[in-house]
Amino acid sequence: MHDTPHDPTQTKRPDLPLLELFLGFAKISVTGFGMILPWARRLIVEDKKWLTADEFNETYSLAQFLPGPNVVNMSVVFGSRMRGPAGAAVALLGLIGPPALIATALSALYAIYGDVDVLRRILTGIAAAAIGLMIAVIVKMAEPLLRKLLAPAPLVLIATFLTVGVARWPLVSTLLVLAPASIALAFWWQRR
């Protein structure tokens, strides 16, 4: 027997207070310097247990498929899923409000001190740490997919990596082919 596919837009949690939703996304945004996906996953899946790892991947997949910044889309989709339109607005505000204030203050300081050599070396170190965090979250997100080795998901993951990462095919062309193929494979897998 196969798991029933989960619709990442359907679960509502009226017991989740809007303030907690706002504070959760505010925490994600102010602790995730530059690369907030790892922090979003940690808070949503591991700390708060608002979603399972599979539900997070499904929700993030939908957010990634939409135009615009992935994590911004994630906040709107997740907030809407938890508390409807009010949840979407609150999660979005929590995600972009605090960093907008911080970025405004820091950009004023950078305009004054941006040419200092020590600052450039610090920013290089921060970039390396951000890349390490992204690799860690990719491994965590891939784990639920790779547990099902004979399912279509790992095959699509590998095909995507090979076409975009190795062969350097354009992302849009790859998505236009692999997205329908992935949907068809998932549908076939559930029906077999």
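The values are calculated or read from the model by the stated rules, or taken from the named source; none is laboratory data. Bear in mind that the values here come from a model prediction, so they are computed numbers and not experimental data. Here the Cβ is made from the backbone with ideal geometry for all residues, glycine too, and neighbour counts use every protein chain on show.
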Checked the stretch 150-169 for anything part of a loop (DSSP other than H, G, I, E, B) and either at pLDDT below 90 or aromatic (Phe, Trp, Tyr) (or both); matches are Leu150, Ala151, Trp169
Only one of (1) under 24 Å from Arg42 (Cβ atoms); (2) surrounded by 14 or more Cβ atoms within 10 Å (Cβ to Cβ); (3) over 21 Å from the mean Cα position of the chain (by Cα) fails for Gly125. Which number is that?
(2)
From the residues in the stretch 147-178 that are among the hydrophobic types (A, V, I, L, M, F, W, C), under 22 Å from Arg192 (Cβ atoms) and over 20 Å from the mean Cα position of the chain (by Cα), which one is surrounded by the fewest Cβ atoms within 10 Å (Cβ to Cβ)?
Leu150
If Thr104 meets every condition in (1) in contact with a helix residue (DSSP H, G or I) (Cβ under 7 Å, 6 or more places away or on another chain); (2) modelled with pLDDT of 85 or more; (3) of a type in the set (Ser, Thr, Tyr) apart from one, which number is that one?
(1)
Subset of the stretch 42-83 that is within 19 Å of Pro98 (Cβ to Cβ) and crowded, with 21+ Cβ neighbours inside 10 Å - its residue that is modelled with the lowest pLDDT
Val71
Quick one: what pairs do we get from the stretch 172-192, first residue touching a residue at least 40 places away in the same chain (Cβ under 8 Å), second surrounded by 11 or more Cβ atoms within 10 Å (Cβ to Cβ) and part of a helix (DSSP H, G or I), C-beta under 8 Å, 6+ apart or different chains?
Ala179/Phe65; Ala186/Pro152; Ala186/Ala153; Trp189/Pro152
Going by what's in this entry, would Trp188 be described as more than 21 Å from the chain's Cα centre (by Cα) and part of a helix (DSSP H, G or I)?
yes
What residue, among those in the stretch 1-32 that are assigned to a loop (DSSP other than H, G, I, E, B) and under 18 Å from Asn73 (Cα atoms), is modelled with the highest pLDDT?
Gly32
What residue, of Leu62, Leu101, Leu92, Leu43, is over 15 Å from the mean Cα position of the chain (by Cα) and either among the charged types (D, E, K, R) or not in a loop (DSSP other than H, G, I, E, B) (or both)?
Leu101
